[in-house]
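Trainee: The structure that follows is given in the form of structure tokens.
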Amino acid sequence: MANSILIVEDDGNIADLLRLYLEKEGYEVHLAADGGKGVELFRKVQPDLVLLDIMLPVLDGWSVCRMIRAESKTPVIMLTAKGETEDKVNGLKMGADDYITKPFEMREVLARVEAVLRRSGAEPEKTARKLCFDKLIIDMDAFELTIDGKKVPTPPKEMELLFHLASTPNRVYTRNQLLDEVWGFDYFGDTRTVDVHIKRLREKLEGVSDQWSLKTVWSVGYKFEVQGA
């Protein structure tokens, strides 16, 4: 059974980004947009871990953490836009297990979630991060791209982009979606970054198989097209 995570975050873009990445890792995710709903949902779903923003409407993160600690030992990771030591100390004193300062890298969030669950005894269930298609293997655990039986050196961001597209075959992503979901909400580059990475991937993948291809959907974005999927 998948570990469940409650995200209490009033910024919809950040909440959706966290949900997307955590669900891709195999977690069951619940969202609450204010502190009051967060406490209510916590009692209802009994999650394995809580990602808790500090600046929340209705009840702030400190109050929510205090209420959770009064009735449960469920791990809590605080999310804060402030990098001040006092905030971190207050969170840990109130029973938070860890904290992450915004803006954050999604890889850091995933690593901290995994570490806190491991310490709490709720070992996260690892989902396969390996996709296999005709003459193509995308292995994110080993960060290896195998094309027609040969390992092809590929930079990490190209691997992440290809894995993201291939995880949902035939779904079209806009350039802005790919920037948000692969580079992260705190990335301030422009959409040409996506085009450059797609171009480099095409150079590696073009003509390898007639069962799949990296397609441009003009005026929209890109997709990993799989025949019959």
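The values are calculated or read from the model by the stated rules, or taken from the named source; none is laboratory data. Keep in mind the model is a prediction, meaning the values are calculated, not measured. All Cβ positions, glycine included, derive from the backbone under ideal geometry; neighbour counts span all protein chains shown. Ligands, DNA and RNA are stripped out before the accessible areas are found, and what is left, the full protein with its side chains, is counted by its heavy atoms. Shrake-Rupley method; radii C 1.70, N 1.55, O 1.52, S 1.80 Å.
Trainee: Working only within segment 34-80, note down all residues that are without any contact (Cβ under 8 Å) to a residue 60 or more places away in the chain and under 18 Å from the mean Cα position of the chain (by Cα).
Mentor: Pro47, Val50, Leu52, Asp53, Val76, Ile77, Met78, Thr80
Trainee: Across segment 124-149, what is the number of residues that are among the acidic types (Asp, Glu), surrounded by 12 or more Cβ atoms within 10 Å (Cβ to Cβ) and either in contact with a helix residue (DSSP H, G or I) (Cβ under 7 Å, 6 or more places away or on another chain) or at pLDDT below 85 (or both)?
Mentor: 1
Trainee: With modelled with pLDDT of 90 or more, among the β-branched types (Val, Ile, Thr) and either open to solvent by 10 Å² or more (accessible area, probe 1.4 Å) or assigned to a helix (DSSP H, G or I) (or both) as the only criterion, which of Ile5, Ile68, Ile77 stands out? Step through it out loud before you land on a result.
Mentor: Details: Ile5 fails: either open to solvent by 10 Å² or more (accessible area, probe 1.4 Å) or assigned to a helix (DSSP H, G or I) (or both); Ile77 fails: either open to solvent by 10 Å² or more (accessible area, probe 1.4 Å) or assigned to a helix (DSSP H, G or I) (or both).
Of Ile5, Ile68, Ile77, the one residue that is modelled with pLDDT of 90 or more, among the β-branched types (Val, Ile, Thr) and either open to solvent by 10 Å² or more (accessible area, probe 1.4 Å) or assigned to a helix (DSSP H, G or I) (or both) is Ile68.
Trainee: If you don't mind, there's one more thing I want to ask. Could you check segment 88-117 and list, in sequence order, the residues that are among the basic types (Lys, Arg), modelled with pLDDT under 85 and open to solvent by 60 Å² or more (accessible area, probe 1.4 Å)?
Mentor: Correct list: Lys93, Arg107.
Trainee: Taking segment 208-229, which residues are open to solvent by 30 Å² or more (accessible area, probe 1.4 Å) and either touching a Leu at 6+ places or on another chain (Cβ under 8 Å) or of a type outside the set (Ser, Thr, Tyr) (or both)?
Mentor: The answer is Asp210, Gln211, Ser213, Lys215, Val217, Trp218, Val220, Lys223, Glu225, Gln227, Gly228, Ala229.
Trainee: How do the pairs read when you match residues in segment 155-180 that are open to solvent by 50 Å² or more (accessible area, probe 1.4 Å) with residues anywhere that are of a type in the set (S, T, N, Q), using Cβ under 8 Å and keeping only pairs 6 or more apart or on different chains?
Mentor: Here the result reads Arg175/Thr191; Asn176/Thr191; Asp180/Asn13, each pair linking segment 155-180 to a residue that is of a type in the set (S, T, N, Q).
Trainee: Right, here's the next one. Which of the residues that make up segment 13-54 are among the acidic types (Asp, Glu), under 21 Å from Gly121 (Cα atoms) and open to solvent by 30 Å² or more (accessible area, probe 1.4 Å)?
Mentor: Glu23, Glu28, Asp48, listed by residue number.
Trainee: Just checking, does segment 168-188 include any residue being hydrophobic (A, V, I, L, M, F, W, C), within 20 Å of Asn13 (Cα to Cα) and touching a Pro at 6+ places or on another chain (Cβ under 8 Å)? Please lay out each step first, then the result.
Mentor: Going residue by residue through segment 168-188, those that are hydrophobic (A, V, I, L, M, F, W, C) are 172, 178-179, 182-183, 185, 188.
Checking which are within 20 Å of Asn13 (Cα to Cα) leaves us with 172, 178-179, 182-183, 185, 188.
Pick out the ones that are also touching a Pro at 6+ places or on another chain (Cβ under 8 Å) and you get 185.
Among the residues of segment 168-188, at least one is hydrophobic (A, V, I, L, M, F, W, C), within 20 Å of Asn13 (Cα to Cα) and touching a Pro at 6+ places or on another chain (Cβ under 8 Å), which makes the answer yes.
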